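Inspection log for the structure reproduced underneath, given as structure tokens.
Derivation of every value follows stated rules applied to the coordinates shown; laboratory data play no part. Remember, predicted model here, so these are calculated numbers, not experimental data. When we count neighbours, we look across all protein chains shown, and the Cβ atoms used for this are built from the backbone with ideal geometry, even at glycine.
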């Protein structure tokens, strides 16, 4: 499908509302722009943030709720998390539609991610029941205890799944949660908050809205005892600085200028498949997207041609249409930002595919003749040739980021050997999906890609501190 997406926005949503101490109220701070339906560019609703008074009330409510929530037993918390997951499972179809509507990501992609929205809660409950928060070493007890009120800051590209993962982890640890979702995509997370409010005690889970100023206000408050942030480098640095001043833990998952290294024996069509998937998943708007396609020089032209053919074959259109493969970027402001960064990158940029004439669509683009120095949070990647495998490793590691890496090769053992030399938190061999390699492995971040480790277990433990108890001499 290509050509204009016609008609008005297909879903009706109201202005943002925040949840503070179990009470809903309309957000009142004008953030200075309209939210759009990305497929048409039509304004949907004004972007609004929570007032300073509501932010202060949320902090006070979280502080009041912290002792009682931390005192609940593991079984009590696990049961409530199970209840939350069951309640969300009944609303997840609405949430994934709102995610597509807000972000432009095709619903065929937001739907599988919807499993995280409800699945994160029983998964956290299972970790609790397995004894994650209490262990013993030769008669010495190690208790993992809640740090206190937790701040969770999530971006706009997959907001509800990330909100669910962070909130479920903090709640499992015994921490009340203040969640701030991106001002560009509040709808799905607001519905998630409505469901959680029906299950959890007042003040244990709260939702506020706003831009970076609201996030900074929350991150700087000493009543917040741990901050989990997913977003851009500038925001991550601001959160890190605020947490450093309080000597308080920060979990940061930031961007990545991620390499895909094609081995000399790799099949061209397999390279093209991986490059296309990595370039266009979430419409290129994800931290683990393709940044740099590193290919043997003799295969350069063939790989570019094969990847271009796949990109041109994508079904482009309305993100709410089930047949759509590739949709628009989240907002016209972001589309213009990506265009400007692509122009600054230099080289020869070639867009692939015919885009609809309205909305925030941007053709997937490959750049030859230049290596991207930084992440462009969109469907843009450079293609960089190499002559030796040693040079390929050097190119893959020639970046201050270190989030994700990819290797494609026919000889799996040689590909694995190269993957072990890539400086990144996770390196996939012959894989290019949005999912992690394993549900129970960590999701680390190296260099400018972040600080600490996300993960099913790791994020729960992030919100805890250890207390070691025992009788000296007994062990």
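General observations
- In plain terms, the residue of 82, 138 with the fewest other Cβ atoms within 10 Å comes first and the most crowded comes last, giving 138, 82.
- Reciprocal of mean inverse Cα separation for the chain (Kirkwood radius, Å): 22.9 Å
- Crossing angle, helix 300-312 versus the chain [Cα axis fit, 0-90 degrees, rounded to tens]: 60 degrees
- Average Cα contact separation per residue, the chain, under 8 Å, 6 or more apart, as relative contact order %: 19 percent
- Counted by neighbouring Cβ atoms within 10 Å, the residues 118, 334 run from fewest to most as 334, 118.
- Separation of region 185-213 from region 248-294 is 31 Å, based on Cα centroids.
- Only helical runs count toward this figure. For the chain, summing -39,500 (n - 2.57) over DSSP H runs of n ≥ 4 and dividing by all residues gives -12000 deg cm²/dmol at 222 nm.
- Computed with the Debye formula from one identical point scatterer per Cα of region 258-438, without solvent, the log10 of I(q)/I(0) at q = 0.15, 0.18 Å⁻¹ comes to -0.80, -1.15.
- 0 to 90° range, to nearest 10: angle between helix 74-89 axis and the chain longest Cα axis: 50 degrees
- Percent RCO, i.e. relative contact order, over region 258-438, from Cα pairs under 8 Å lying at least 6 residues apart: 28 percent
- Taking the C-alpha atoms only, the angle from helix 159-173 to the longest principal axis of the chain is near 30 degrees.
- Per-residue Cβ neighbour rank within 10 angstrom, fewest leading, 271, 354: 354, 271
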